[in-house]
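What follows is a short report on a single structure.
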Amino acid sequence: MPTSRQGWRKSSYSGPEAGSCLEVLDGHPAGIPVRDSKDPYGPALLIPATGWAPFIAAVKAGGFRAHR
């Protein structure tokens, strides 16, 4: 997976100074890579394409809470 900023995107709701953002990479043949924007050279989680829509639906439904 590419580790540079090229190709990775984050939500338009994330401001330029937002440090706790997820980035996703489109076009990977095995699924959707997801990484922490604070650590672009760190590991990425690869979510299978079949799991992406249910994951996004759960996020939108409030199925995950932020840990502070």
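Read-outs: derived from the displayed coordinates by stated rules, not from any lab. Since we're looking at a predicted model, the values are computed, not measured. Neighbour counts are summed over all protein chains in view; Cβ atoms, including those assigned to glycine, are modelled from backbone coordinates with ideal geometry.
Odds and ends about this structure:
- Of the residues Phe64, Phe55, the single one that is in contact with a strand residue (DSSP E or B) (Cβ under 8 Å, 6 or more places away or on another chain) and without any contact (Cβ under 8 Å) to a residue 40 or more places away in the chain is Phe55.
- Residues in the stretch 32-45 that are without any contact (Cβ under 8 Å) to a residue 24 or more places away in the chain and surrounded by 15 or more Cβ atoms within 10 Å (Cβ to Cβ): Ile32, Val34, Asp36.
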